[in-house]
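The structure under discussion appears below in the form of structure tokens.
The values are calculated or read from the model by the stated rules, or taken from the named source; none is laboratory data. All values reported here derive from a predicted model rather than from experimental measurement. Positions of Cβ are backbone-derived with ideal geometry, glycine not excepted, and every protein chain shown enters the neighbour counts. The area values use the complete protein model at the heavy-atom level, side chains included, leaving out ligands, DNA and RNA. Shrake-Rupley method; radii C 1.70, N 1.55, O 1.52, S 1.80 Å.
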Amino acid sequence: MDWGSLQAILGGVNKHSTSIGKIWLTVLFIFRIMILVVAAEKVWGDEQQDFVCNTQQPGCKNVCYDEYFPISHIRLWALQLIFVSTPALLVAMHVAYRKHEKKRQCREKLDIENLKQQRFHIEGALWWTYTSSIFFRIIFESVFLYTFYLMYKGIKMPRLVKCEAWPCPNTVDCFISRPTEKTIFTIFMQAVSGICMLLNVVELSYLVLKFCTRKPKTIKSLTNH
């Protein structure tokens, strides 16, 4: 997966974000994407190969592995990052549309160059797009956190799992490689996901509060005129 392309797209959105949004993006890339690419993939790279069961029954090992790990941790985290990052593309498309509209009105080259560096304030239609993207990020984070906990029955990686699924001849003991290391990574990734969700909630609350406090002032100024 080309995470560099995603970083380039979200980097453009970062210029128009709030300070909290910039912190969220930093945490996303440093503590989630980099950890996932650099360290976590190596830890889980041998998961099915080193999943050992005390039986030679054909197919038993694969069935037991599928029962306890219906989807790889790495693939689930990658899917989570894609879903969490996708709403920011709405902001990127909105900003690109506004730049295109302003570019049509510009006639001088200097204006076009300044337009590329212009930072749009989060107000009007952009406010709705930006807050909607944060809302969907919160929803996606919550759904994936719940799905992870429900699918793996917690965040602790067991050393031993027992399997009775067919075609296993009886109750089979299966052993997971490096369970302590995987547990530490799981706790870390889930904790960072919770931090990102908290940052989204704080940023959304900040934008809504700012919108609510600015609106009465606008109405008051109009009535005075």
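Considering (1) outside any helix (DSSP H, G or I); (2) open to solvent by 30 Å² or more (accessible area, probe 1.4 Å), the lone condition that L150 does not fulfil carries the number (1).
Identify, from the list C106, C60, C163, the residue that is in contact with an Asp or Glu (Cβ under 7 Å, 6 or more places away or on another chain), at pLDDT below 90, farther than 19 Å from M197 by Cα and of a type in the set (A, V, I, L, M, F, W, C).
Matching residue, one of C106, C60, C163: C163.
In region 23-56, of all residues being outside any helix (DSSP H, G or I) and surrounded by 15 or more Cβ atoms within 10 Å (Cβ to Cβ), the one that is nearest to the chain's Cα centre (by Cα) corresponds to W44. Within region 70-92, restricting attention to residues that are open to solvent by less than 20 Å² (accessible area, probe 1.4 Å) and more than 12 Å from the chain's Cα centre (by Cα), the residue that is modelled with the lowest pLDDT is V91. Given the structure, is W128 open to solvent by 60 Å² or more (accessible area, probe 1.4 Å) and part of a helix (DSSP H, G or I)? For W128, the condition - open to solvent by 60 Å² or more (accessible area, probe 1.4 Å) and part of a helix (DSSP H, G or I) - is met.
Hey, can you tell me all the residues within region 153-189 that are polar (S, T, N, Q) and loosely packed, with under 14 Cβ neighbours inside 10 Å?
To start, the set of residues in region 153-189 that are polar (S, T, N, Q) comprises 170-171, 177, 180, 183, 186.
Hits for region 153-189 are N170, T171, T180.
Just wondering, is there one or more residues in region 202-211 that are at pLDDT below 90 and loosely packed, with under 13 Cβ neighbours inside 10 Å? Scanning region 202-211 turns up no residue that is at pLDDT below 90 and loosely packed, with under 13 Cβ neighbours inside 10 Å. Scanning region 131-147 for residues that are of a type in the set (V, I, T), open to solvent by 20 Å² or more (accessible area, probe 1.4 Å) and more than 19 Å from F69 (Cβ to Cβ) turns up I138, I139, V143.
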